[in-house]
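Peer 1: Sending over a structure as C-alpha cells; questions will come in a sec.
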Amino acid sequence: MKKFIYSIVFILTAIISCNQEKHQFPLDKRYWDVEDYKKVVLELNYGYEVDEQLPSFSNPSTRLIIEKLTDHRNYEIVLYDKELGLKYKNNVAESFFNVWKDMQKIYQGRNVQDKYLYDEELLKVWQFGLGLQLVYFKLGNDEILANSLDPSDRKVQFHLKNNIETLIDNFSLYLNELNNENAYSEEGKRVYSEGISIYFNKLVEMNPEGDYSKTIQKIDLLEKKIESNTIKNSLLTLKDKLVSIENNDQ
C-alpha cells in the first residue's frame with residue numbers, strides 16, 4: 001500500500017515538474033517589461049492545450065503567474081519614473097497597451113453552462129488595462145502640451161479633449177461586460193464591482209472636465225437589467241458622482 005502511495009506521489013511530482021519545464025515564465029524578475037509580456041502572453045494564448053488549466057488565483061502552483069501578469073507595478077515603474085523622458089514613456093505605454101489587447105484573449109473561455117472558467121482572472125486583466133490607460137492617455141496629453149507653443153490654442157484643446165473622450169469611451173467598454181452578468185460567479189461579481197469603484201473613481205478624479213453624459217445614460221440602461229445588488233450599488237454610486245459633476249458644469 002505504501003509503495004502504491006509513493007508511486008502516485010512520484011507521478012504527480014513528475015507531472016508538475018514536466019509542466020513547469022513546458023511553460024517558462026520569468027518569475028525570478030521583480031518587474032516584467034514589454035518584451036517579457038509579449039513572450040508570456042504568447043505562451044498563455046497559444047502554448048496551452050485546450051483541456052489544460054491556465055494559471056489561476058485558485059491554484060497555488062500557478063497563482064504567482066497571474067499575479068505577476070496583472071501587477072500594475074510592471075508598467076508603473078517606468079511610466080511614473082520622473083527621470084525618464086516623456087516621449088520614451090509614451091512609447092513604452094503604447095507598447096504595454098498593445099500587449100494588453102492580446103492579454104484580453106487569454107481568459108475568455110466558458111464552460112457548457114456559458115460561465116466564465118476564469119472570471120476573476122479575466123476581470124483582473126481588464127482592470128490592469130484600465131489602470132494602464134489612465135497613465136497612457138495622461139502621458140499622451142502631457143506630450144501634446146509639451147510640444148505646443150500655445151497650450152490654449154483651439155486645435156491643441158481639441159486634441160486634449162478628444163483624447164479624454166476616447167479614454168472615457170474605452171472605460172465604458174468595461175461596463176459593456178455587464179451584458180454577460182450571468183457568466184460571472186458571485187466572487188466574480190464582487191471583483192467586477194470593485195473595479196468600478198476603484199478605476200472609475202480614478203478616471204473622474206483625473207479627468208473631472210470630461211463629458212460623462214453617455215456613461216450616465218449607459219448606467220441608467222444597465223440599472224434596469226442588472227440583478228447583482230453588489231454591482232448595482234457600485235453603478236449607482238458612480239452615477240451620483242457623475243451627475244454631480246455634470247450639474248456643476250452647467
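The values are calculated or read from the model by the stated rules, or taken from the named source; none is laboratory data. Given the structure is predicted, the values throughout are model-derived calculations rather than measurements. Heads up, the Cβs are rebuilt from the backbone with ideal geometry, glycines too, and the neighbour counts pull from every protein chain shown. Note: areas computed on protein heavy atoms with side chains; ligands, DNA, RNA excluded. Shrake-Rupley method; radii C 1.70, N 1.55, O 1.52, S 1.80 Å.
Peer 1: Among the residues in segment 24-39, are any modelled with pLDDT under 95 and farther than 30 Å from ASN141 by Cβ?
Peer 2: Taking segment 24-39 first, the residues modelled with pLDDT under 95 are 24.
Okay, now just the ones that are also farther than 30 Å from ASN141 by Cβ, so 24.
Yes.
Peer 1: Against the conditions (1) under 23 Å from SER58 (Cα atoms); (2) within 18 Å of the chain's Cα centre (by Cα), where does ASN182 fall short? Just the number, please.
Peer 2: (2)
Peer 1: Assess whether TYR46 counts as being at pLDDT 95 or above, among the aromatic types (Phe, Trp, Tyr) and out of contact with any Gly (no Cβ under 7 Å at 6 or more places or on another chain).
Peer 2: yes
Peer 1: Before we move on, is SER228 surrounded by 12 or more Cβ atoms within 10 Å (Cβ to Cβ) and more than 18 Å from the chain's Cα centre (by Cα)?
Peer 2: yes
Peer 1: Would you confirm, using the coordinates I've provided, whether GLU246 is in contact (Cβ under 8 Å) with a residue 12 or more places away in the chain, farther than 27 Å from TYR118 by Cα and open to solvent by less than 50 Å² (accessible area, probe 1.4 Å)?
Peer 2: yes
Peer 1: Are any of the residues in segment 227-236 touching a Leu at 6+ places or on another chain (Cβ under 8 Å), of a type in the set (A, V, I, L, M) and farther than 24 Å from GLY140 by Cα?
Peer 2: Kept after step one, since they are touching a Leu at 6+ places or on another chain (Cβ under 8 Å), are these residues of segment 227-236: 231, 235.
Checking which are of a type in the set (A, V, I, L, M) leaves us with 231, 235.
Filter once more, keeping what is farther than 24 Å from GLY140 by Cα: 231, 235.
Looking through segment 227-236, at least one residue is touching a Leu at 6+ places or on another chain (Cβ under 8 Å), of a type in the set (A, V, I, L, M) and farther than 24 Å from GLY140 by Cα.
Peer 1: Could you tell me whether TYR212 is modelled with pLDDT of 95 or more, surrounded by 19 or more Cβ atoms within 10 Å (Cβ to Cβ), within 19 Å of LEU122 (Cβ to Cβ) and among the aromatic types (Phe, Trp, Tyr)?
Peer 2: Answer is no for this residue.
Peer 1: What pairs come up if the first residue lies in segment 65-91 and is polar (S, T, N, Q), the second is in a loop (DSSP other than H, G, I, E, B), and their beta carbons are under 6 Å apart, counting only those six or more places apart or on different chains?
Peer 2: What qualifies is ASN74/TYR31; ASN74/TRP32.
Peer 1: Now for a different question. Within segment 69-92, count every residue that is under 20 Å from GLU143 (Cβ atoms) and under 14 Å from the mean Cα position of the chain (by Cα).
Peer 2: Looking only at that region, the number is 2.
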